[in-house]
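Everything below concerns the one structure shown next.
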Amino acid sequence: MSLVVSFTVSQASDGSSYTIVDTSNYAANGGKAAFTNRQLLIYFSDGTQQAYTPTPFSFANYPSDTLTISGQTVDYALRIVLSVDDALAATVTTTAVTDITQTSAVSGGDVTSDGGTTVTAKGVCWNTTGSPTISDSHTTNGSGTGAFASNLTGLSAGTIYYVRAYATNAIGTSYGNEQTFSTADLNPVILSTVAQSNYNAIKGSTFNIAYILEVQNTAPYDYNAATLASTIFGNNVGVDIASNGVKIQTNTTPDLSGSPTPILQFSASGTSTFNFSKTVNIAIPANTTLYVIISLDINAGALDSQTLYMNGLNNPIVLTIDGNPPQVNNQTNVSPTLTIVPNIYLSTVAGSNYTANKSTSNNIVYVLEMQNNNISAYTITAISLGLYGQDVGADVATNGLKIYTNSVPDLTGSPVLKRAATVSGTTAFLTTLTAFSINLPASQTTYLVLSVDINSGATTGHTLFMSASDSPIGLTITGNPLQQDSQTDVSPIITVGV
């Protein structure tokens with residue numbers, strides 16, 4: 001509020017001071033309380049003016065206050081005009097900068113006080129050097145008090161800006177607190193899929209890599225990935241993935257070398273799909289490449305041959321990055337399909353019935369395929385088996401039951417004899433053989449070939465066989481890995497010839 005009040009003053013004899021002698025205007029405009037410590041603007045007879053605030057003139061001792069004016073001469077018969085102004089500068093704050101792109105951003109402010117006179121303009125101003133004013137780039141977002149939003153446009157990519165809100169009233173322009181932000185760089189964050197081949201994931205195993213995302217930050221400053229969203233597909237993901245078996249890791253190489261600690265792990269649910277969105281807070285340093293790796297722990301109770309995968313055609317990884325920098329998404333459909341398998345897979349190699357004459361040796365009675373799906377080797381320390389016939393003890397020669405290992409499902413090439421045993425009994429010979437060691441190399445298939453030597457005194461027409469209905473081969477393996485026993489009744493029946 002501005003009050004223009006006229007007072008009559010008398011001049012001292014030396015012409016250097018004036019005494020207020022009129023009381024009417026002073027009392028009419030609020031008296032001492034309204035005028036104390038206010039600015040007084042004196043208009044002199046020569047057309048000049050001079051402001052006094054708040055001293056030496058304060059009206060504190062009206063009506064005897066005097067105002068000393070040095071170097072001025074006035075016509076003391078003139079009524080001198082005193083302008084009394086109690087308005088203040090407006091008060092404004094600056095809001096945080098959001099929605100930052102390469103060329104634009106959003107800020108604003110809040111005019112919390114007009115200072116006693118109307119706010120005629122408000123907005124934000126910005127520059128690249130600091131302490132921006134309305135002489136710099138600025139917006140105009142109306143008048144009056146209250147909050148407002150401002151769109152900053154025409155910005156340059158990869159540039160640091162300083163922004164302040166402003167408010168203008170009769171006193172002048174006031175500014176809010178300064179905010180600093182960087183526009184997105186022309187060089188974006190580039191997302192790519194690291195190619196992987198399909199592979200077997202063993203029941204009960206951990207850290208099976210399902211997806212590797214390459215995150216390349218080409219900007220000269222750090223970013224932070226706030227959230228990660230994705231989808232896992234499969235036959236029964238909620239069952240096939242162990243509890244807390246979805247793990248998110250980061251590494252400087254596209255693998256799990258160095259055993260990086262998961263930054264987050266959680267359980268999956270659902271059947272054919274499992275959608276998730278998680279807070280991750282992954283730091284992406286400037287001008288570096290980082291790998292985000294999703295791995296899965298397989299449930300020991302998962303069904304054999306189930307699959308799990310993350311479809312690259314659907315851009316499986318969605319990263320929300322603070323500051324919303326531009327992203328180039330180059331993810332492709334080269335993520336692996338994980339097929340769930342046991343550690344050891346056992347199956348029968350089919351054989352046809354045939355005749356073996358007396359005194360012949362190495363007549364194959366059973367072939368067991370042993371598939372080691374693990375990345376580590378195992379050792380067989382015992383074999384349980386059952387040989388059946390009419391008189392097995394008499395029809396098989398001494399030490400005539402032989403156990404070989406081979407790389408093919410027969411006795412060609414270079415089979416290795418691991419154990420020989422003498423058969424006893426009549427209709428069945430059930431035994432567990434020890435005192436040997438059979439190596440199952442990592443990620444390889446080995447064949448166990450059982451043969452019999454026919455006794456010269458065997459009875460023509462008798463038969464020898466191993467019934468798969470009883471799972472004729474049982475293996476004792478160090479470390480007790482999970483075994484999937486799929487042996488079937490396709491072993492040959494040997495008929496003793498002449």
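The values are calculated or read from the model by the stated rules, or taken from the named source; none is laboratory data. All figures in this text were calculated on a predicted structure; none of them were measured in a lab. Quick reminder, even Gly has a Cβ in these numbers, built from the backbone with ideal geometry, and neighbours come from all protein chains shown.
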Worksheet item: Exactly one of (1) at positive phi; (2) not in a loop (DSSP other than H, G, I, E, B) is unmet by Gly461. Its number?
Response: (2)
Practice prompt. Examine region 277-284 for a residue that is under 23 Å from Asn198 (Cα atoms) and not in a helix (DSSP H, G or I), and state whether such a residue exists.
Written response: no
Item to complete: Of the conditions (1) assigned to a strand (DSSP E or B); (2) within 17 Å of Val189 (Cβ to Cβ), Pro220 clears all except one; give me its number.
Response: (1)
Worksheet item: Out of all the residues in region 257-272, is one or more of a type outside the set (A, V, I, L, M, F, W, C), at negative phi and in contact with a Pro (Cβ under 8 Å, 6 or more places away or on another chain)?
Response: no
Item to complete: Among the numbered conditions (1) modelled with pLDDT of 95 or more; (2) not in a loop (DSSP other than H, G, I, E, B), tell me where Tyr345 comes up short.
Response: (1)
Discussion item. Checking the condition farther than 30 Å from Gly158 by Cα, among the basic types (Lys, Arg) and not assigned by TED's automatic domain parsing to the domain that holds Thr101, which residue from Lys278, Lys247 passes?
Written reply: Lys247
Response to the item:
Out of (1) assigned to a loop (DSSP other than H, G, I, E, B); (2) surrounded by fewer than 20 Cβ atoms within 10 Å (Cβ to Cβ), the one Ala184 does not meet is (2)
Worksheet item: Across region 401-426, what is the total count of residues that are loosely packed, with under 14 Cβ neighbours inside 10 Å and touching an Asp or Glu at 6+ places or on another chain (Cβ under 8 Å)?
Response: 1
Item to complete: Being modelled with pLDDT of 95 or more, within 16 Å of Asp485 (Cβ to Cβ) and surrounded by fewer than 17 Cβ atoms within 10 Å (Cβ to Cβ) narrows it down to one of Thr398, Thr445, so name that one.
Response: Thr445
Item to complete: Identify all residues within region 369-385 that are closer than 15 Å to Ala421 by Cα and surrounded by fewer than 17 Cβ atoms within 10 Å (Cβ to Cβ); write none if there are none.
Response: Ala382, Ser384
Fill in: From Ser174, Ser135, Ser197, Ser205, residue being in a loop (DSSP other than H, G, I, E, B), more than 30 Å from Tyr309 (Cβ to Cβ) and either aromatic (Phe, Trp, Tyr) or not assigned by TED's automatic domain parsing to the domain that holds Asn373 (or both)
Ser135
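For every residue, the table says whether it meets (1) within 23 Å of the chain's Cα centre (by Cα); (2) at pLDDT 90 or above; (3) under 29 Å from Leu482 (Cβ atoms).
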| site | (1), (2), (3) |
| --- | --- |
| Val189 | yes, yes, no |
| Lys203 | no, no, yes |
| Phe207 | yes, yes, yes |
| Ala210 | yes, yes, yes |
| Gln216 | yes, yes, no |
| Ala219 | yes, no, no |
Worksheet entry | Residue that is farthest from Ile403 (Cα to Cα), among those in region 449-458 that are assigned to a loop (DSSP other than H, G, I, E, B) and of a type outside the set (A, V, I, L, M, F, W, C) | Gly457
Response to the item:
Every listed condition ((1) in contact with a strand residue (DSSP E or B) (Cβ under 7 Å, 6 or more places away or on another chain); (2) at pLDDT 95 or above) holds for Tyr199 save (2)
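Yes/no per residue for (1) surrounded by 16 or more Cβ atoms within 10 Å (Cβ to Cβ); (2) free of Cβ contacts under 8 Å to residues at least 60 places away in the same chain; (3) farther than 30 Å from Asn343 by Cα:
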{"residue": "Tyr221", "(1), (2), (3)": "no, no, yes"}
{"residue": "Asn235", "(1), (2), (3)": "no, no, no"}
{"residue": "Val239", "(1), (2), (3)": "yes, no, no"}
{"residue": "Gln249", "(1), (2), (3)": "yes, yes, no"}
Discussion item. List pairs: first residue in region 482-498 and under 19 Å from Leu401 (Cα atoms) and assigned to a loop (DSSP other than H, G, I, E, B), second residue of a type in the set (Val, Ile, Thr) and at pLDDT 80 or above anywhere in the structure, Cβ distance under 7 angstrom, at least six positions apart or on different chains.
Written reply: Ser491/Thr348; Ser491/Val365; Pro492/Val365; Ile493/Thr463; Gly497/Thr355; Gly497/Thr460
Worksheet item: Looking at Tyr366, is it touching a Pro at 6+ places or on another chain (Cβ under 7 Å) and surrounded by 19 or more Cβ atoms within 10 Å (Cβ to Cβ)?
Response: yes
Discussion item. Checking Gly116 against (1) part of a loop (DSSP other than H, G, I, E, B); (2) surrounded by 14 or more Cβ atoms within 10 Å (Cβ to Cβ); (3) among the small types (Gly, Ala, Ser); (4) in contact with a Lys or Arg (Cβ under 8 Å, 6 or more places away or on another chain), only one condition comes out false. Which one?
Written reply: (4)
